1. Can you tell me which residues in the range 181-222 are of a type in the set (Val, Ile, Thr) and not in a helix (DSSP H, G or I)?
2. Which of (1) of a type in the set (A, V, I, L, M); (2) over 18 Å from ILE203 (Cα atoms); (3) modelled with pLDDT under 90; (4) surrounded by 11 or more Cβ atoms within 10 Å (Cβ to Cβ) is the odd one out, the single condition ILE81 does not satisfy?
3. From the residues in the range 90-129 that are in a loop (DSSP other than H, G, I, E, B) and of a type in the set (Lys, Arg), which one is most open to solvent (accessible area, probe 1.4 Å)?
4. Run down LYS166, LYS132 and say which single residue is farther than 25 Å from ILE70 by Cα, in contact with a strand residue (DSSP E or B) (Cβ under 9 Å, 6 or more places away or on another chain), open to solvent by 10 Å² or more (accessible area, probe 1.4 Å) and modelled with pLDDT of 95 or more.
5. Can you tell me which of SER58, SER41 is surrounded by 10 or more Cβ atoms within 10 Å (Cβ to Cβ) and at pLDDT 90 or above?
6. Which members of the range 142-158 meet the condition of being crowded, with 19+ Cβ neighbours inside 10 Å and farther than 17 Å from ALA120 by Cβ?
7. Being within 14 Å of GLY112 (Cβ to Cβ) and surrounded by 19 or more Cβ atoms within 10 Å (Cβ to Cβ) narrows it down to one of ILE161, ILE174, so name that one.
8. Please indicate, with yes or no, whether at least one residue in the range 136-153 is in a helix (DSSP H, G or I) and touching a Gly at 6+ places or on another chain (Cβ under 9 Å).
Amino acid sequence: MSAPADSAQPLASTSNDQAPTSADITTNNASRGQSASASASASELARTKITLQGALKSFQDFPIPGINFIDILPLFQDPAIHNALLRALELQVLEFVGGLKPDVVVGLDARGFLFGPSLALKLDASFVPVRKKGKMPGPCVTAAYEKEYGTDFFQMQEGAIKPGQKVLVVDDIIATGGSAAAAGTLVKQLGGELVGYLFILEIAFLKGREKLGGVPTITLLETDE
């Protein structure tokens with residue numbers, strides 16, 4: 001005796017449950033692999049930041065009384081620490097931009113030159129310097145920024161950045177943010193897409209990132225001194 005048609009419906013609905021395909025398994029394994037890789041990178045970055053923080057030096061009352069000067073130059077004096085710095089910056093960028101590497105790394109005069117070219121090589125990007133006015137030949141674009149003693153000017157050579165290129169601006173320290181903001185203005189004047197700012201150290205209480213127009217900003221280390 002056959003079952004009524006309506007009673008057969010629940011049995012029919014269970015036939016939609018299928019065993020995972022090889023594609024499903026591959027996708028799941030890839031997702032787990034990416035998650036494990038991201039976790040390992042985050043752990044490596046955290047460990048390296050501790051090492052870098054410990055290598056910094058500070059000098060009281062330099063360059064004037066009342067200033068505690070944070071010196072990043074020791075990061076470049078030991079080859080192992082120098083290499084760790086570049087690796088940390090690379091990891092920070094990849095985490096920061098979701099794996100999309102910039103086309104151009106722009107380094108600010110002068111300490112952005114210390115690590116900007118090396119970082120650009122690691123990211124398979126070009127390096128473009130920003131310099132003080134009058135330091136570079138040929139046609140240049142210019143942007144002004146305020147310093148504690150007056151107005152100064154940054155320049156970048158015309159054609160150094162192509163329209164539509166993704167650009168990351170780097171410098172050693174963000175303090176008041178004026179010079180970094182000027183570099184961002186130069187990038188935009190040349191038609192580049194400013195994807196972010198990256199700094200080794202941030203002096204947080206000066207609130208420099210507030211001058212960066214909401215552009216994503218990341219720092220390796222931070223100090224309130």
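1. Step one: filter the range 181-222 for residues of a type in the set (Val, Ile, Thr), giving 185, 187, 195, 200, 203, 215, 217-219.
Answer for the range 181-222, where residues must be of a type in the set (Val, Ile, Thr) and not in a helix (DSSP H, G or I): VAL195, ILE200, ILE203, VAL215, THR217, ILE218, THR219.
2. So ILE81 meets the others, but not (3).
3. Residue satisfying both the conditions and the ranking: LYS101.
4. Only one candidate passes the filter, namely LYS166.
5. On the way: SER41 fails: at pLDDT 90 or above.
Criteria check complete, one pass: SER58.
6. Of the range 142-158, the ones crowded, with 19+ Cβ neighbours inside 10 Å are 143, 154-156.
Of everything in the range 142-158, those that are crowded, with 19+ Cβ neighbours inside 10 Å and farther than 17 Å from ALA120 by Cβ turn out to be ALA143, PHE154, GLN155.
7. Details: ILE161 fails: within 14 Å of GLY112 (Cβ to Cβ).
It is ILE174.
8. no
The values are calculated or read from the model by the stated rules, or taken from the named source; none is laboratory data. Just so we're clear, the structure is a prediction, and the values are computed from it rather than from any experiment. Note that we place each Cβ from the backbone using ideal geometry, even for glycine, and neighbour counts take in every protein chain shown. With ligands, DNA and RNA removed, areas are computed over all heavy atoms of the protein, side chains included. Shrake-Rupley method; radii C 1.70, N 1.55, O 1.52, S 1.80 Å.
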